[in-house]
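Before any comments, here is the structure.
The values are calculated or read from the model by the stated rules, or taken from the named source; none is laboratory data. Worth saying up front: this structure is predicted, and the values here are computed from it rather than measured. We place every Cβ from the backbone using ideal geometry, glycine too, and count neighbours over all the protein chains shown.
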Amino acid sequence: MLRTTLGACLGALLLLASPTHAEDKLKVGFVYVGPVADYGYSFQHDLSRRALAEALPDKVETTYLENVPESDSERAIEKLARSGMGLIFTTSFGFMEPTLKVARKFPKVKFEHATGYKRAANVSTYSARFYEGRYVCGKIAATLTKTGTIGYIASFPIPEVVSGINAFMLGAQSVNPNVKLKIVWVNTWFDPGKEAEAAKALLAQGADILAQHTDSAAPLQEAEKQGKLAFGQSSDQYRFAPKAQLTAVVDDWSGYVIRETKAVLDGSWQSHDTWGGIKDGMVVLAPFTNMPADVKAMAEDTVKAIAAGKVNPFAGPVTKQDGSVAVKAGEIAPDPMILGMNWYVKGIDDTLPQ
Amino acid sequence: MSLDMIQMVLVTVLTAATPLIIAALGELVVERAGVLNLGVEGMMVCGAALGFAAAVETNSTLLGALAGAGAGMGLAAVFGLLTVGLAANQVASGLALTILGLGLSGLVGAGYVGQKREPAPHLYVPGLSDLPGIGRLFFGQDAFVYAGLGLAAGIAWFLWRTRAGLILRAVGDDHAATHALGLPVRGVRFFAVLFGGACAGLAGSYLSLAYTPFWAPAMTAGRGWIALALVVFASWRPGRVVAGATLFGGATVLQLHAQAASIGLPGQLLSALPYVATILALVLLSLGRRRGGSLAPAALGRDFTPHR
Amino acid sequence: MRLDLVPRARRSPLAEALSPVLAFVTAVLIGGVAVSLLGVSPGAAFAVYFVTPLSELWSLQEIAVKAAPLALIATGLAFCYRANLWNIGAEGQFVVGGLAGGWVAVATQGSAGSTAWILPAMLLAGTLAGIAYAMIPALLRVQLDVSEILTSLMLVYVAELLLDYMARGPLRDPAAFNFPQSVAFDAAARLPYLMEGETLHAGVLLALAATVIATLVLGRSLFGFATRVVGESPRAARFAGFSEVRLTLAAFAISGGAAGLAGVAEVAGRIGQLQPTISPGYGFTAIIVAFLGRLSPLGILAAALVIAITTIGGEAAQIDLRLPLDLTRAFQGLLLCLVLGADVLTRFRIRLVSGAAR
């Protein structure tokens, strides 16, 4: 998955040796679905852009377009391609078809599409195994809950979110098989008010720990107000709730973005699919806080075990909600199953819209 | 459900309704004066941004709220200048104001992303606030909630019990006649517009100072539009604004509770509930009403120039 | 001192031509100051914002593609607004139009035999869905006197959630790993491209046709006249024997149909599949476009182009000059405010009078 080859290193050295002019710089463009200031998903992507600009200041020039609606993204992507970009990161699933269409028109430009599944000769895809982090969260939550009920604020029923819920529940069940998970779908990625209302509803119904798959820090703050605990999302949101955040599943795209840019610079770039997790540094857990030392140690051990491949959230046996077997004992869920997950594991009461 | 659980639900409903109540009451006064300002969302989001920025800088929630109201008022002044002063089209100007407000709020808020403040303090009356079942609901809210309810009562009193209120309503119903009587039509309208802007800004600052105490771009998420609809729902009556906002907020909160209790319906269907419930409630209300004669201020949305 | 507006006997053609120019120049001057405060040369900003988009064939096509749905929806809305009917739910009518048309495309995916009927069927389905959806606020208004402002707005959110449900549920592409989107439509279900480069599609022609038809109907027909009379003086309309009910339904049908058609044209033209959201707010922006164009079809066309140019120029400014999106948004809002304010010059002469304001 990590494609640092000797050739690439040599190429980079050669480039370092030759003097570069401003016009020789590789222009790298980023397309974000949300505002850079969301302090969540788009913010994390922009951190990787800034990291890239810092890592290769003499060789790249970066630019971005924010708040690009998915249905109106083709023009934005094509505009970047026409503006002389050599590499373009399109960072939301809904940009998939427009990215492919523009890529057909600009065969020399390289494209990197996040969280999609269609590739082309000049289109790579990449995503992160967010669910690995959520498994760790599930274990922490089940250990710390006093009411035995955990609240989960979800955005939209897509496989990424569903696999996250399942991994969280499997992690929780590995500690306490009787733990209950209450799920609320808010049908938005970002609406602080509605996320806070969902948090209040879950806390009122007996949840004492909140997890979320929406972008704002509102649920964390709500937990803090009521003296309860919660997990951050996308970014380390500790500053919003220093007394409530247990940890956060942080997306760290910097390593990948820098690696791919270097590959374009040295000519070794090839279309491929990357699905990185904790091991690759793409999924990072924010510092464990607001928990006793033994729970922290357990969480850290789990992270290490996942990185070492000793623990896999979807290792069998995994039973579906309806009682059928999804993954047999001794086996591990294949990637396509996780990528397309549209069923709950046993123990979740919610009904998934089909 | 226990008594405390019911109270928790009611508290959530009331706080969810508060930004809608404050913004809608402001717009109600504007529309009663015969002006339709569709820019509530823009004024609200500016109030949220500037309110938060000022509160961070001065470390005072009160000054933040005032700055938020001031931001809404500033944008409203632009709107008033265009529509009342220059007789520009009200609908288009209001929408332009929304775009302007979204842009300005982003510029103002850019430096405050990722910062947080303590939420606005809640009232605490020893003894009363701890009463089981009702203590938190009646004696444990923050100042915005009480301000919203007080505003409803105050505006009702103003519109139907004072001479100034009578003039304002007259201006909204027949500007030509009030002008002929020598009343300052444009002045009244301009002040009404400013008041509406202050309310929208205050409602926005409630979001960034009390409800979810941080700034995030476009954090109003369409609440300004709902406030506009609630004015219509309320037939331009302050008491009904409170009822409508509570109905809307209640439907929002109840559908979240229904989901948490796993009743097994698609999330989209439940999310649509507040909108559908509002339409149905309005239909039922109008079934019980005598037909004929619109309830809207007669001159609503029509521009006025003294020489006509 | 006070400002007095003295009505002009007739609209002055000179003022009518000059007022947008004056507004534009003022906006550019204010924008120039703001930009130079951010350390960007105003001249460069102007070139990137306004000159480049208008000097490249590709961006000209993009402007047309962006303006088309705005013009189509706003032209339909003009009928409502002329009749003083406040349909602010065109966004919802757009969405159900796209959904219905997209549904036809998904249902006929890969069908054998002649496929020439599919695209017309989609356009028809989208238009009819838009009309049907607009009938809800229209009928509630004429039957029960329920305000169309509230119902049409609330139904926007309902339509968005319905599309969200359909695109994630029943109409989802079964081969797409449960990702939230329909299949990519067959070529037979796509509006043809008019030029090389797969940008300019036939939806633009629909918008132009709507402009021509609306100009004729509003200017030359009894119906167009009746719409205006009902809007300006319902009493006079009753005396003249125009049925308010029939006109209300007709105006809503026209605007709903136009929005629905724009929705299906967007889905069949630009997007090529159903997604959980298909509109970046076209239905709301079209309301400004309608009034900016003074509710006349040609004016609407011009206003739609202005909005499209500023949007595309804003993107260029983000890329080339790193100007934040919020600045270009604020500039867009400022420009619109100034254009609306300057419009006063076409209708009034402005006079400064000494004495107290009244």
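Below is a table of values for the structure above.
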| read-out | value |
| --- | --- |
| Test: residue in the range B:257-274 that is within 13 Å of the chain's Cα centre (by Cα), facing another protein chain (nearest Cβ under 10 Å) and more than 27 Å from C:Leu327 (Cα to Cα) | no |
| Residue list for the range A:179-233, restricted to those being crowded, with 23+ Cβ neighbours inside 10 Å, part of a loop (DSSP other than H, G, I, E, B) and among the aromatic types (Phe, Trp, Tyr) | A:Phe190 |
| Sole residue being more than 8 Å from chain C (Cβ to nearest Cβ), touching a residue at least 12 places away in the same chain (Cβ under 8 Å) and of a type outside the set (Lys, Arg), chosen from A:Ala53, A:Ala37, A:Ala103, A:Ala76 | A:Ala103 |
| Residue match in the range C:297-312 (condition: without any contact (Cβ under 8 Å) to a residue 12 or more places away in the chain and either polar (S, T, N, Q) or not in a helix (DSSP H, G or I) (or both)) | no |
| Pairs where the first residue, in the range C:197-214, is touching a residue at least 40 places away in the same chain (Cβ under 8 Å) and the second is exposed (fewer than 14 other Cβ atoms within 10 Å of the Cβ) and among the β-branched types (Val, Ile, Thr), C-beta under 8 Å, 6+ apart | none |
| Count - residues of the range B:187-202 that are farther than 16 Å from B:Gly74 by Cα and either β-branched (Val, Ile, Thr) or surrounded by 24 or more Cβ atoms within 10 Å (Cβ to Cβ) (or both) | 1 |
| The lone exception for B:Pro19 - which of (1) more than 10 Å from every other protein chain (Cβ to nearest Cβ); (2) under 15 Å from B:Ser208 (Cβ atoms); (3) not hydrophobic (A, V, I, L, M, F, W, C) it fails | (1) |
| Breaking point among (1) out of contact with any Phe, Trp or Tyr (no Cβ under 8 Å at 6 or more places or on another chain); (2) closer than 21 Å to A:Pro159 by Cα; (3) not in a strand (DSSP E or B), for A:Asp350 | (1) |
| Pick from the range A:234-262, criterion within 12 Å of another protein chain (Cβ to nearest Cβ) and outside any helix (DSSP H, G or I), ranking: surrounded by the most Cβ atoms within 10 Å (Cβ to Cβ) | A:Gln237 |
| Residue, farthest from the other protein chains (Cβ to nearest Cβ), within the range B:72-85, restricted to residues that are over 28 Å from B:Ala53 (Cα atoms) and crowded, with 23+ Cβ neighbours inside 10 Å | B:Val84 |
| Members of the range A:244-293 that are over 27 Å from A:Val109 (Cβ atoms) and hydroxyl-bearing (Ser, Thr, Tyr) | A:Thr247, A:Thr289 |
| Qualifying residue in the range A:3-18 (condition: under 30 Å from A:Asp335 (Cα atoms), buried (at least 17 other Cβ atoms within 10 Å of the Cβ), at pLDDT below 95 and of a type in the set (Val, Ile, Thr)) | no |
| One residue from C:Ala330, C:Ala302, C:Ala316, C:Ala342 being at the interface with chain B (Cβ under 10 Å from one of its Cβ atoms), touching a helix residue (DSSP H, G or I) at 6+ places or on another chain (Cβ under 9 Å) and within 26 Å of A:Arg75 (Cα to Cα) | C:Ala330 |
| Residue check for C:Gly113: under 24 Å from C:Thr277 (Cβ atoms), out of contact with any Cys (no Cβ under 7 Å at 6 or more places or on another chain), modelled with pLDDT under 90 and surrounded by fewer than 21 Cβ atoms within 10 Å (Cβ to Cβ) | no |
| Selection status of B:Ala198, in a helix (DSSP H, G or I) and either more than 12 Å from the chain's Cα centre (by Cα) or within 28 Å of C:Ser152 (Cα to Cα) (or both) | yes |
| Considering residues of the range A:308-323 that are charged (D, E, K, R) and farther than 15 Å from A:Ser174 by Cβ only, the residue surrounded by the fewest Cβ atoms within 10 Å (Cβ to Cβ) | A:Asp322 |
| Qualifying residue in the range C:273-289 (condition: part of a helix (DSSP H, G or I), more than 14 Å from chain B (Cβ to nearest Cβ) and touching a Gly at 6+ places or on another chain (Cβ under 9 Å)) | no |
| Residue that is surrounded by the most Cβ atoms within 10 Å (Cβ to Cβ) [pool: residues in the range C:156-175 that are without any contact (Cβ under 8 Å) to a residue 60 or more places away in the chain and closer than 19 Å to A:Thr188 by Cβ] | C:Leu161 |
| Check on A:Thr188, polar (S, T, N, Q), in contact with a strand residue (DSSP E or B) (Cβ under 8 Å, 6 or more places away or on another chain) and touching a residue at least 24 places away in the same chain (Cβ under 8 Å) | no |
| Residues of the range C:45-97 that turn out to be under 18 Å from C:Ile131 (Cα atoms), modelled with pLDDT under 95 and of a type in the set (Asp, Glu), as a count | 0 |
| Residue match in the range C:86-107 (condition: more than 29 Å from B:Val283 (Cβ to Cβ) and among the polar types (S, T, N, Q)) | no |
| Sole residue being surrounded by 15 or more Cβ atoms within 10 Å (Cβ to Cβ), among the small types (Gly, Ala, Ser) and not in a loop (DSSP other than H, G, I, E, B), chosen from A:Ala326, A:Ala305 | A:Ala326 |
| Residues of the range C:266-287 satisfying the condition of being closer than 26 Å to C:Ser55 by Cα and in contact with a Leu (Cβ under 8 Å, 6 or more places away or on another chain) | C:Gly269, C:Tyr282, C:Thr285, C:Ala286 |
| Candidate set from the range B:203-222 (those that are within 20 Å of B:Ile99 (Cβ to Cβ) and either among the β-branched types (Val, Ile, Thr) or surrounded by fewer than 24 Cβ atoms within 10 Å (Cβ to Cβ) (or both)); member that is nearest to the other protein chains (Cβ to nearest Cβ) | B:Ala221 |
| B:Asp173 vs. criteria within 14 Å of chain A (Cβ to nearest Cβ) and at pLDDT below 95 | no |
| Residue that is surrounded by the most Cβ atoms within 10 Å (Cβ to Cβ) [pool: residues in the range B:15-71 that are touching a residue at least 60 places away in the same chain (Cβ under 8 Å) and part of a loop (DSSP other than H, G, I, E, B)] | B:Gly39 |
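Let's see how each residue does on (1) free of Cβ contacts under 8 Å to residues at least 12 places away in the same chain; (2) among the charged types (D, E, K, R); (3) farther than 30 Å from A:Ala199 by Cα:
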{"residue": "A:Gln212", "(1), (2), (3)": "no, no, no"}
{"residue": "A:Ser234", "(1), (2), (3)": "no, no, no"}
{"residue": "A:Asp251", "(1), (2), (3)": "no, yes, no"}
{"residue": "A:Ile258", "(1), (2), (3)": "no, no, yes"}
{"residue": "A:Val264", "(1), (2), (3)": "no, no, yes"}
{"residue": "A:Trp275", "(1), (2), (3)": "no, no, yes"}
{"residue": "A:Ile278", "(1), (2), (3)": "no, no, no"}
